[in-house]
1. Report, by residue number, each residue of the stretch 43-54 that is at pLDDT 85 or above and within 16 Å of the ligand (Cβ to nearest atom).
2. Could you grab the pairs with beta carbons closer than 9 Å, sequence gap of 6+ or different chains, first residue in the stretch 162-173 and in the same structural domain as Gly191 (by TED's automatic domain parsing), second one in a helix (DSSP H, G or I) and exposed (fewer than 13 other Cβ atoms within 10 Å of the Cβ)?
3. Is there any pair with a first residue in the stretch 245-262 that is without any contact (Cβ under 8 Å) to a residue 40 or more places away in the chain and a second that is of a type in the set (Gly, Ala, Ser) whose Cβ atoms are under 8 Å apart and which are 6 or more apart or on different chains, and what are they?
4. Can you say whether Leu138 is at pLDDT 95 or above, surrounded by fewer than 21 Cβ atoms within 10 Å (Cβ to Cβ) and either in a helix (DSSP H, G or I) or of a type in the set (A, V, I, L, M) (or both), as far as the supplied structure shows?
5. If we only count helices (runs of 4 or more DSSP H) wholly inside the stretch 176-262, which ones have 3 or more residues that are at pLDDT below 90?
6. Hey, among Gly103, Gly148, which residue is surrounded by fewer than 16 Cβ atoms within 10 Å (Cβ to Cβ), out of contact with any Pro (no Cβ under 9 Å at 6 or more places or on another chain) and on the phi > 0 side of the Ramachandran plot?
7. I'd like to know if the stretch 147-170 contains one or more residues that are among the charged types (D, E, K, R) and modelled with pLDDT under 95.
8. For the stretch 58-94, what are the residues that are in a loop (DSSP other than H, G, I, E, B) and of a type in the set (Gly, Ala, Ser)?
Amino acid sequence: MPFHTLLPTVPPSLKPLVLILAAVMGGLAGVLINYLADVLPGSRRLSRPVCRACSQPFSLKGYLFAFRCPNCSAKPSVRSLLVLVGAVVCSLLLRVFPLFGLGYWASLPVLVFLGVILVIDIEHRLVLFETSLFGIALFLVYGILLHGLRVTLLGALAGFLIMFAFYLLGVVFVKVVGRMRSKQINEVAFGFGDVMAGIFLGLLVGWPGIAGAIVLAVLIFGAFSLVLLAGLVLSKRYRAFASAQPFTPFLILGVVIIFYML
Ligand SMILES: [Zn+2]
């Protein structure tokens with residue numbers, strides 16, 4: 001028996017060069033997520049990024065490589081660094097454990113799109129209508145390639161109906177509580193952006209995966225809210241409804257879990 005057959009074989013996805021490429025691609029994905037999350041909530045288009053402290057537009061080189069704003073020398077946000085590190089880690093994980101049915105390269109656009117949705121929802125409590133439309137077009141293609149047209153459209157319909165029911169329940173809940181305390185509450189439990197997220201995530205995972213993803217999202221959201229509530233009560237910072245959490249990040253988490261369970 002030749003000697004080299006006795007050595008443990010390294011799977012192709014773990015060769016150093018492959019991992020270095022995945023780290024670089026993750027860094028690029030992180031830059032793209034940061035850029036889109038910087039400009040889309042304000043301008044709703046691919047505009048020039050501006051400094052969040054002094055609103056001076058950045059040059060391309062300044063935006064990508066300067067670590068301080070040339071005008072007011074503001075430092076980059078903590079979020080920019082977190083997104084960059086997070087995207088590199090996710091890219092490496094996707095290289096080793098690709099999403100079910102998708103190769104590594106096909107997973108990258110999913111990573112960028114969901115990253116943008118996640119960051120904007122956490123920072124602005126908002127799923128932009130424009131990004132939702134883009135997501136519907138993108139995940140219609142992914143859905144058809146992954147599970148065929150019927151399962152994909154059923155997934156979108158189920159995602160829409162379940163999230164729309166939550167949305168209506170939230171509206172009724174806020175009205176009832178508002179009447180009980182005889183004042184108007186402006187915060188809604190579920191926004192219409194969450195309904196749009198139900199549609200594009202439904203296209204991506206199809207039926208019945210989307211139902212499982214929403215159940216998981218509700219369970220994790222509930223557990224997270226309880227822990228948060230306990231923390232706020234213990235630290236005496238609790239004010240009713242002042243701490244409503246964005247729901248779409250939990251939907252995305254549910255979808256990722258479903259991808260690895262199927
Ligand atoms: Zn500045």
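The values are calculated or read from the model by the stated rules, or taken from the named source; none is laboratory data. A quick note: this is a predicted structure, and the numbers were derived from the prediction, not measured. Backbone-built Cβ (ideal geometry, glycine too); neighbour counts: all protein chains shown.
1. Arg48, Pro49, Val50, Cys51, Cys54
2. From the stretch 162-173, no pairs qualify.
3. From the stretch 245-262, the pairs are Gln245/Ser225; Phe250/Ala217; Leu253/Ala217.
4. Answer is yes for this residue.
5. Here the list reads 209-234, 248-261.
6. On the way: Gly103 fails: on the phi > 0 side of the Ramachandran plot.
Residue meeting the stated conditions: Gly148.
7. No.
8. Of all residues in the stretch 58-94, those in a loop (DSSP other than H, G, I, E, B) come to 58-59, 66-77.
Those that are in a loop (DSSP other than H, G, I, E, B) and of a type in the set (Gly, Ala, Ser): Ser59, Ala66, Ser73, Ala74, Ser77.
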